[in-house]
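This report concerns only the one structure given below.
Where a number appears in this text, it was derived from the coordinates with a stated rule and is not lab data. A quick note: this is a predicted structure, and the numbers were derived from the prediction, not measured. Quick reminder, even Gly has a Cβ in these numbers, built from the backbone with ideal geometry, and neighbours come from all protein chains shown.
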Amino acid sequence: MKTNNFETNGRFSDYLEESGNLPFQSDQNETKKRSDSPPLLSKVLEKNVNKNESKLEDTQKAKTKTKKQPKTITTPKTKKKAKNKKRFNFFKIKKKKPSKKRILRLYKQYKDKKSSDIEAKGIQQFFNDLEIDILDVGALIISWKLDAKVMGMYTKNEFVEGFLNLECDSLEKMKKKYLQIREEIKNDQQVFKQFYNWVFEFGKEETEKRTMSIETAMVLWEILLKEKFNLFQNWIEFLNSEENKATVITRDTWKVFLDLIIEINNGWQNYDLTSSWPLLFDQFYSYMNK
C-alpha cells in the first residue's frame, strides 16, 4: 500500500522541526543558532574565512603583477624609421671588404709575361692608368703604401696585399685613397717624416747597404724637398761641385737633413758649427759662406 505524499511530507517536516534543521527558518533563528554553536567550531569557521580572504588578496596581487603593459601604438612612419635604423646599423657593422679576385685581375693586367713580378713596363702603365706622373711624389706615395722593397718593381704579394690593406679593389678607389694620403702627408709633419725615411730604404741600390748613391739622393730630394727647402738649388750645386768629397749619402745624413732644413731655412744665423752635424753639412756651410 502506497504511502500518502502529504503524510510523508508532514512526518518529514515534523522531524525537521523537532531536530531544529528547518531549511526556511528566519535570520534570527540562524543568528541564534550560530551564537549557540560551540566555541571550537566558531574558531574553525573564523580561520577558514581568514584563509579565503588572504587567498583572494594573493590572487589579486598576482593579477596586477602579470598585467600586460599597454602596447605602443606604431604608425607606418615609426615602422619605417625603425626599419631604416636597422638598415643603417647593419651597413655600419658589416663593412664591405675589397674583392681579392678584382685585385688579382688588376695584377695580371700589369705583371710581366716572363715573371710573376710587375716590372718597369707594367709599372709605367699602372701609373699612367692612375693618371700619376712616374717622376712625381705620387709614385713614391703609392709604392710606400704597397710596402715595395725595390725601386722599379712590385712583387705579386706587395701589389695584392697593398691593395687589400688600403681597402681598394679598383683603380678608381686607389685614386681616391692616394689623394687622401697625399693630403695627410702634406698636413702632418710626422707622417711626412715617416714617408721621407722610408724613401731612403726604397731608393738604395742594395737592401743590405746603409748608403745611397749621391745621384739617386739628388733625384729623390728634388721630388720630396724642392718646395720645402729655400736653399735647395744651392744644395744641389754644392753636391755637384768639387768641394763636395762625398760619393754616397748615409742613412744618418739622409734623416738629419730634415733637421738641417728647419735650422737654416731662414738663414745661417742658427747654424752651430760646434754641434754634431754630419761633415757634409759643415762643408755646405763653408761653400755658402766663402
Check: Of F229, F284, F257, which residue is crowded, with 17+ Cβ neighbours inside 10 Å and either of a type in the set (D, E) or part of a loop (DSSP other than H, G, I, E, B) (or both)?
Finding: F229
Note to self: Return the residues of segment 114-161 that are small (G, A, S) and either touching a helix residue (DSSP H, G or I) at 6+ places or on another chain (Cβ under 6 Å) or surrounded by fewer than 19 Cβ atoms within 10 Å (Cβ to Cβ) (or both); say none if nothing qualifies.
What the structure shows: S115, S116, A120, G122, A139, A148, G152
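Tell me the helices (runs of 4 or more DSSP H) entirely within segment 92-193 that contain at least 3 residues that are closer than 24 Å to K226 by Cα and within 23 Å of the chain's Cα centre (by Cα).
171-187
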Checklist line | Top-ranked residue of segment 234-254 - restricted to ones that are under 18 Å from S286 (Cβ atoms) and among the polar types (S, T, N, Q), ranked as surrounded by the most Cβ atoms within 10 Å (Cβ to Cβ) | finding: T253
Item checked: Residues (closer than 21 Å to Y154 by Cβ and surrounded by fewer than 15 Cβ atoms within 10 Å (Cβ to Cβ)) located in segment 210-222 -> V219
